[in-house]
Amino acid sequence: MGEILSQSEIDALLSALSSGELSLEEKPEETKQKVKKYDFKRPNKFSKEHVKTLEMVHENFARIASNYLTANLRTSVQIKVISTEQLTYEEFIHSIPNPTILVTYFLEPFNGIFLFETGPQFVFQVIDILFGGEGKELIKVREFTEIEKNIIKKINIKLIESLKLAWEDIIDVEPRFDSLETNPVLNQFLAPNEPVELITMQVQINNNQSFINMCIPYISVEKYIDRLIIQYRTNVKTELDNSITKKLEKNIMNVEVNTHVELGKSLITVKDFLNLNVGDCIKLNTKISDSLNYYIENKLHYKVYPGSIGKKLGIQISNILDKDVEDDE
């Protein structure tokens, strides 16, 4: 309840008003209600929780895909998610280059189709490395040959299969390849205004950057959209983590590499070389007590000492020279 004024206080206020010493405060204008614009052509179907889950899944995919490409290209490959954006299918189609490699695939039990786009920069760099090149920055604007499409198709199918492992914490999926197209405009699987979530990933190979995109239509995940909201978990799946580690170790063990130990070097004439016979001795530039150079794929990685393991020759690593290998591990 407000304070009650006495008659003398009321008279003093009235006299102050009449003399102009006191003015009535203007009534503040009512704040207008803020109206947020909503574009019905671009409805926000994916909530923040859905986007966060999809980002987490594709961060897992980026890590698995990095390991796969590193093992097959035999060079360092790093992939990371750099953006997630909700847009329409028409905007996605017009945002990617032409020509490009656009793969459509299914993720059972999800209904509908998914899209995986690998740009020309990524495709030509990977193919150049597979054909014996160094994978330097290549900018080409031309159609892909049938050989190039078949090679990148096999790689993309393997990358898509990695989604099974990336999604396993959310839902068990079974990837299935559908088709490959180089002209994105010809992919008319969805309505132009269909909302999609675009996950863009940056690929770094030999200090050269390129980009790949995952396009997830809302209509394809609508039936299981509630599964994309993750509850906080208190238990740690150690058994699952161990099985994943064993799978990765098994895949790495199958990678063949060429290695050799350099015993030393010697400078002789062509005449002496041609006259070499069994039992001849060649003086090297190393001592018995010196460590030897151990090469992997013609790159010096370790300092070693020679020895024997049972009846076989062996080496003992004394020093690691390649610091980049340690950082990658």
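The values are calculated or read from the model by the stated rules, or taken from the named source; none is laboratory data. Since the model is a prediction, treat every value here as computed from it, not as a measurement. All Cβ positions, even for glycine, are placed from backbone atoms using ideal geometry, and neighbour counts span all protein chains on display. These area figures cover heavy atoms from the full protein model, side chains too; ligands, DNA and RNA do not enter into them. Shrake-Rupley method; radii C 1.70, N 1.55, O 1.52, S 1.80 Å.
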Listed residues K164, K153; which is touching a residue at least 40 places away in the same chain (Cβ under 8 Å) and surrounded by fewer than 19 Cβ atoms within 10 Å (Cβ to Cβ)? K153
Is one or more of the residues making up region 179-186 of a type in the set (S, T, N, Q), at pLDDT below 90 and either open to solvent by less than 30 Å² (accessible area, probe 1.4 Å) or on the phi > 0 side of the Ramachandran plot (or both)? no
Kindly check whether there is at least one residue in region 189-207 that is surrounded by fewer than 17 Cβ atoms within 10 Å (Cβ to Cβ) and in a helix (DSSP H, G or I). no
Exactly one of G133, G119 is free of Cβ contacts under 8 Å to residues at least 12 places away in the same chain and closer than 16 Å to N208 by Cα, and that residue is G133
Filtering region 87-129 down to residues that are open to solvent by 40 Å² or more (accessible area, probe 1.4 Å) and under 17 Å from E194 (Cβ atoms), which residue is modelled with the lowest pLDDT? N111
Just give me the residues in region 240-274 being in contact (Cβ under 8 Å) with a residue 24 or more places away in the chain and farther than 30 Å from L165 by Cα, in sequence order. N258, T259, H260, V261, E262, L263, G264
